[in-house]
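See structure below.
The values are calculated or read from the model by the stated rules, or taken from the named source; none is laboratory data. Remember, it's a predicted structure, so these values are computed and weren't measured experimentally. Here the Cβ is made from the backbone with ideal geometry for all residues, glycine too, and neighbour counts use every protein chain on show. Only protein heavy atoms, including side chains, enter the accessible area calculation; ligands, DNA and RNA are left aside. Shrake-Rupley method; radii C 1.70, N 1.55, O 1.52, S 1.80 Å.
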Amino acid sequence: MSSADKASVDYAKFDSTVEAVEREEEANKPPERREYDEKGNKLCYSNEDVHKVFMDMQEKQSEGANVPHDGVLFSYDMAAQLVLETDHASWADSTSPLNALVCLLSQISQGLAQSSQFALLNTGNTLAAYERAIKRMPELLQAKQGAVLVVGVGTCVPSLLSAKYLSESEVIIVTQSMDEICSMMPPMLLQLNQLTRQTIRTFRGSATMLTVDPESDHALPARAAGCVLDPDLFGFSLLGKGVLREVLHLREHVLQPDPVMVPAKAAVHAALVGWRTGSVGGVDVSELHRSFWHPGVEHVHLQDHPWMVLLTAPVPLFRFDFGHEDSALGMPDLGFQELKLEVDCEGGWVGGIAYWYTTTLADGTPHLTNDPKEPKAGFGQAVQWVQCVPAEPGSVIAASAEHNGTSIRFSLAPPYKLPAVVHSKQLPRQELTKELTSGFAGSMRTAVERAVSARLSQGEEPRVTIIQSGCGLLSVAAANAGGQVVGMERVSGLSEIASELTKQNKHSAAITCAKGDSRQLSVGDQLPWRGNILVFNEMDPGLLSSGILALIDHAWSKQV
């Protein structure tokens, strides 16, 4: 650069620009974090802060200090860090405990979103049943002295109801989890609902860690008078989450004799489940029945699968008394029973054994049930699948049931006890069940049949192009209605099953099963013609996340 060029540079402008940037950065600098608010409450800016304050609170409470659960406020900064999906700019810039609590609870919910909690809150009468039962507890506790345990955080509703209605009792919430976020959920919800008081405490850990020792700061000073078991402890199978082990420990080491329990008892019932015929919507699927076999127990809402029916009347299996040792019930942690299951007058195909439970209060008042003949509840039924076999009307099928305290297993007697056929395609079972038993699949078949009929009524040849044709059930239904069909399926195992189903239903001439990504399949190579009916056979809950728009756009331009 020449001296003339250097002289032409206005460094004053550069200096003023730097100063302007520095002033802007200073103006936008976040305010210095305060350790306490105007009322002296500790402000938390991270999960670690929350955890530390919570543990400090519990330590002070164990020393007898009057530290209610709402002795902590959370900062707006923490809420922003947790990134709740909402417009943070619309919040006030000052510390907002409510906003931050909502955000903290949102973070908690992210950990529970895939569990049964939301189903329990929104489906069935679980919450109403617990409210009725807990409202009755004060009268039953009048003659007793001692705390009431609420075992399990779950929806946290039993904790809230106990805090609300058991005002004369000390309430100890046993979180069943060592995770600090889950353990924070009860005190936060209690604070939001203005139910905090000194006689509500949280025990962070499993019920089997509880002990009674008047000399210890980390144990109960005396045996508890009552216990509320959160519904999530039972799950869909009653025993699968280890509730029996927890209850036996509490009964032996923590609870008083004859405690007030909610629920107090449970009974398990079972029945054969299967299908009336070997066809679905006019499609012979008897060869696909084997695909329903599964090595374990599956959670199924039978109410959502109208094609699946109970083939026998329910029979009682095991009974459990959570508050007392009942010699009539045998070993509480082991059980065995032989069953005679009589198939009803219609008969069908046996696919598995479904079982469910009903809980009651001490006086026998019904509490909760996931009986498939009742309206849909938060939990569905447990089904142990067996190798599918035909069952004649009125026939009696012998079986046995056993439990080991954490699971229930069934065995069919010969000649129905057949070795399970593991499907060689290595496919998730839902790929088959969603087409064989769901109401959505039935609606899709009806819609395709109407479309084929409309083309035929106009004198046209129906040519049905199906994207994500699955196991081929929809393709065969379209061919049965009179259409020529191309089924495109990217999952190789499903494409092979569709070919088998096509041959079984004698539609090889009418159906082309094309394997691969539909965007890579072209007319003249893998596809015989352009269609005049386009079907997309895979809808996710959000409609668009499965790529429906891209696939349909390609199909409109290249395949129909």
Practice item. Answer rounded, prolate or oblate for region 466-557, using the Cα gyration tensor with square roots of eigenvalues a ≥ b ≥ c: rounded when a/c is under 1.5, else prolate when a/b is larger than b/c, else oblate. Key: prolate
Check your understanding: Measuring from label point to label point, each 7 Å out along Cα→Cβ, what is the Ala313 to Arg530 span in nm?
Key -> 6.3 nm
Check your understanding: HN-Hα J couplings of region 447-461 from phi, Karplus 6.51/-1.76/1.60, θ = phi - 60°, integer Hz, Gly and Pro as x?
Key -> 5, 5, 4, 5, 5, 4, 4, 5, 5, 5, 5, 8, x, 9, 7
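How large is the convex hull of the C-alpha atoms of region 338-414 per residue, in Å³?
On the way: hull volume 10.9 nm³, N = 77.
It is 142 Å³ per residue.
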**Study point:** Phi to ³J(HN,Hα) by Karplus 6.51 cos²θ - 1.76 cosθ + 1.60 over region 380-387, Hz, x for Gly, Pro
**Key:** x, 9, 9, 10, 9, 7, 10, 5
Exercise for review: Would you calculate the separation in nanometres between label points at Ser167 and Lys376, each defined as 7 Å from the Cα along the Cα-to-beta-carbon direction?
Suggested key: 3.9 nm
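With the Cα gyration tensor of region 143-258 giving a ≥ b ≥ c as the square roots of its eigenvalues, does the rule (a/c under 1.5 for rounded; else a/b larger than b/c for prolate; else oblate) give rounded, prolate or oblate? Let's see the in-between values first.
Details: a/c = 1.41, a/b = 1.03, b/c = 1.37.
Here region 143-258 falls in the rounded category.
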Practice item. Would you kindly derive the ³J(HN,Hα) couplings of region 502-515 from the backbone phi angles with the Karplus curve 6.51 cos²θ - 1.76 cosθ + 1.60 (θ = phi - 60°), listing them in order in whole Hz, with x for Gly and Pro? Key: 4, 5, 4, 9, 6, 10, 4, 6, 9, 10, 10, 9, 9, 9
Review point. Which cross-chain or sequence-distant (5 or more) residues have an amide H under 5 Å from the amide H of Gln387, H modelled 1.01 Å from N in plane?
Key: Leu418
Review point. So who's got an amide H within less than 5 Å of the one on Ile173, skipping anything under 5 residues away but keeping other chains? H placed 1.01 Å off N, in plane.
Key: Val150, Arg201, Thr202, Phe203
**Study point:** Two-site label geometry, Glu139 and Arg276: point separation in nm, points 7 Å out along Cα→Cβ
**Key:** 4.6 nm
Revision key, fill the gap. Counting sequence-distant residues (5 or more places) and residues on other chains, those with an amide H built under 5 Å from that of Gln381 are Val300, His301, Leu302
Review point. Roughly how much of Leu456 is accessible, in Å² to the nearest 10, using a 1.4 Å probe?
Key: 80 Å²
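To the nearest 0.05, how large is the calculated FRET efficiency for Leu456 and Glu338 if R₀ is 56 Å and r is the Cβ-Cβ distance?
Numbers: r = 56 Å, r/R0 = 0.99.
Efficiency at R0 = 56 Å is approximately 0.50.
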Study note, to complete from the structure: Taking Rh as the Kirkwood radius computed over alpha-carbon pairs of region 232-284 and applying Stokes-Einstein at 25 °C with viscosity 0.890 mPa s, one gets a diffusion coefficient in µm² s⁻¹ of 167 µm²/s
Practice item. Quote to one decimal, in nm, the extra length available between Ser177 and Thr196 on full extension: 0.36 nm per residue of separation minus the C-alpha distance between them. Key: 4.7 nm
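How long is the gain from Thr446 to Glu392 if the chain were fully straight, where each residue apart is worth 0.36 nm and the alpha carbon distance is subtracted? Write down the numbers at each step before the final one.
Values: separation 54, 0.36 × 54 = 19.44 nm, distance 3.00 nm.
Roughly 16.4 nm would be gained on extension.
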